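*Asks:* I'd like to ask some things about the structure below.
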Amino acid sequence: MSFNSLIVRKDDEGKTSAAIENITIDRLPEGNVTVAVEYSTVNYKDGLCLGSGGGMVRNYPHIPGIDMAGVVEASDDPRYKAGDRVVLTGWRYGEVHWGGYSQKTRVNADWLVGLPDGISTKQAMAVGTAGITAMFSVMSLEAHGLTPDNGPVLVTGAAGGVGSVASAILSNIGYEVAGVTGRPESEAYLKSLGVSQIVAREDINETVKRPLESETWAGCIDAVGGAMLARVLGQMKYGASIASVGLAGGAGLPATVIPFLLRGINLLGIDSVLRPYDNRVEAWSRIESELPFDKLESMIVNAKLEDLPKLGKDILKGQVQGRVVVDVNA
Ligand code: NDP
C-alpha cells in the first residue's frame, strides 16, 4: 500500500525543493510504532526544514513536519495498540528524523503521548508544538509564583502560534493579558482571544538607555527575543519572571544585568523538544481543561500537503496568523 508524503530533496548544487511523492511503507525509517497520521501543522522550524534546512536536517531526502496527531496502526511496544489516538511533538522529529508531513509515520514509542479523550487529533494539531510550548511557559511562570492577582501578563508575538495559544489560555484561567503585535490588523483577533491591552511592536522593540522603566508586567511569555526581550526585562515588576520561548525577532539579547540585580527578575528558559514524558502528559491534560476550544477554532487556518511549501515561506516572514492545521489526507 502506498501513501503520500511531502519530501524535500537536495540537488548537487545544494538547492532544496519540496514535492508530494507516493511512497511505500518500507521506505519509512525504523521505529516500533506505525501511525496513520491525520493532522500536522506549520511551525517556524518547519519553515526552515521545508527550505534550506536551517542546519537542522542532516540527511536528504527528508520528510519535514515537527509534530503530528493520528491513530496507531501497528505497535511493537506494550504501551500502545492499534486504534490508540496519539500526538507527537519534539524529539527532533521532522528535523533529524522523518516527520509528520506524510500519511504514515514510523516512530519511537517513547516520543508519543496518548491524546486525552476531550481533544481530537485536529484540535491537537491546532495546539501543536506552539501550543504545548505556550502551556509549558504558563506552567513554568506559575511554578515561579505567578498568579492572576500579581497583575498583567505580557505576551510578545501575540498573533503568532505560541502567542495566540498563550493569550487564550492565560485569559481563560483569569489573567489580564497584554499582547504585543506588529500587525495592527490583528487587534480584533487578539481581543477575541481575551487580550485586553494591545501593545504596538514599534513601542517596545527598541532598547532604551535606561535599564529600568516603570514596573508594569507581572509575567511575560516571550516568543520574540532580541531587543524586545531586553526592553521587557526593564519593565517587569519586582521578582517577576519571563518565559523565554522564541527568537522571532532575533537571537541576540542586548540587555544589562541590572533588572536581575535590582529587581530580582527571573529569565526562564522554555524548551519543548526534550521535555520529560510526565511533563508532557500534564501539559496536554491542562490544555484539555484550560484552553477554550471555541477560541482555538478561530485560530485555525486549514491546509493540505500541497500548501506547505508556500506556508513554510510565509511563517519565516512572520505572515502566518494563529495556527495552521494540515490535513495530510485532504
Ligand atoms: P509564528 O511565526 O507563528 O509567530 C511569531 C510571531 O512573532 C509573529 O506572528 C509576529 O507576531 C512576531 N514577530 C515575527 N517577526 C518579528 C520581528 N522581527 N520582531 C518582532 N516580532 C516579530 O511562530 P511561533 O509562534 O510558532 O513561534 C514563535 C517562536 O517560538 C519562534 O522563534 C519559534 O522558533 C519558537 N518556538 C520555540 C519553542 C521552544 O521549544 N522553545 C517551541 C515552539 C516555537 P505579531 O504579528 O503579533 O507581531
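*Asks:* Residue by residue through the stretch 286-301, note down the ones that are within 16 Å of the ligand (Cβ to nearest atom) and surrounded by fewer than 18 Cβ atoms within 10 Å (Cβ to Cβ).
*Replies:* Of everything in the stretch 286-301, those that are within 16 Å of the ligand (Cβ to nearest atom) and surrounded by fewer than 18 Cβ atoms within 10 Å (Cβ to Cβ) turn out to be Ser298, Ile300, Val301.
*Asks:* Count, please, the residues in the stretch 160-202 that happen to be over 15 Å from Val138 (Cα atoms), assigned to a loop (DSSP other than H, G, I, E, B) and not charged (D, E, K, R).
*Replies:* Residues in the stretch 160-202 being over 15 Å from Val138 (Cα atoms), assigned to a loop (DSSP other than H, G, I, E, B) and not charged (D, E, K, R): 4 in total.
*Asks:* Right, another one. Does the stretch 270-281 contain at least one residue that is surrounded by fewer than 16 Cβ atoms within 10 Å (Cβ to Cβ) and in contact with a Lys or Arg (Cβ under 7 Å, 6 or more places away or on another chain)?
*Replies:* yes
*Asks:* Which members of the stretch 146-193 meet the condition of being over 21 Å from Leu267 (Cβ atoms) and away from the ligand (no atom under 15 Å from the Cβ)?
*Replies:* Within the stretch 146-193, Pro148, Asp149, Ser171, Asn172, Ile173, Gly174, Glu176 qualify.
*Asks:* While we're on this one: For the stretch 86-99, state whether one or more residues are away from the ligand (no atom under 12 Å from the Cβ), under 17 Å from Val325 (Cα atoms), free of Cβ contacts under 8 Å to residues at least 60 places away in the same chain and among the β-branched types (Val, Ile, Thr).
*Replies:* Yes: one or more hits.
*Asks:* Same structure, new question: Enumerate the pairs (first residue in the stretch 237-256 and free of Cβ contacts under 8 Å to residues at least 24 places away in the same chain; second residue anywhere and in a strand (DSSP E or B)) with beta-carbon separation below 8 Å, excluding pairs fewer than 6 apart on the same chain, so at least 6 apart or on different chains.
*Replies:* That search, which allows pairs on different chains as well, returns Leu247/Gly225.
*Asks:* Here's another thing I want to ask about it. Are any residues in the stretch 312-330 among the β-branched types (Val, Ile, Thr) and either more than 12 Å from the ligand (Cβ to nearest atom) or touching a Gly at 6+ places or on another chain (Cβ under 6 Å) (or both), and if so, which ones?
*Replies:* Scanning the stretch 312-330 gives Ile315, Val325, Val326, Val328.
*Asks:* Counting only residues that are crowded, with 21+ Cβ neighbours inside 10 Å and of a type in the set (Ser, Thr, Tyr), which one in the stretch 96-120 is nearest to Arg79 (Cα to Cα)?
*Replies:* Out of the qualifying residues, it is Thr105.
*Asks:* Could you grab me the full set of residues in the stretch 32-66 that are farther than 16 Å from Leu6 by Cα, away from the ligand (no atom under 15 Å from the Cβ) and surrounded by fewer than 18 Cβ atoms within 10 Å (Cβ to Cβ)?
*Replies:* Answer for the stretch 32-66, where residues must be farther than 16 Å from Leu6 by Cα, away from the ligand (no atom under 15 Å from the Cβ) and surrounded by fewer than 18 Cβ atoms within 10 Å (Cβ to Cβ): Asn32, Arg58.
*Asks:* Would you check which residues across the stretch 272-299 are among the small types (Gly, Ala, Ser) and modelled with pLDDT of 95 or more and list them?
*Replies:* Once the filter is applied, which keeps residues that are among the small types (Gly, Ala, Ser) and modelled with pLDDT of 95 or more, the stretch 272-299 yields Ser272, Ala283, Ser285, Ser289.
*Asks:* Here's something else I'd like to know. State whether one or more residues within the stretch 129-143 are over 19 Å from the mean Cα position of the chain (by Cα) and either within 18 Å of Val232 (Cα to Cα) or buried (at least 24 other Cβ atoms within 10 Å of the Cβ) (or both).
*Replies:* No, the stretch 129-143 has no match at all.
*Asks:* Another one. What about Gln123, is it away from the ligand (no atom under 12 Å from the Cβ) and under 23 Å from Pro61 (Cα atoms)?
*Replies:* So Gln123 fails the test.
The values are calculated or read from the model by the stated rules, or taken from the named source; none is laboratory data. Given the structure is predicted, the values throughout are model-derived calculations rather than measurements. Here the Cβ is made from the backbone with ideal geometry for all residues, glycine too, and neighbour counts use every protein chain on show.
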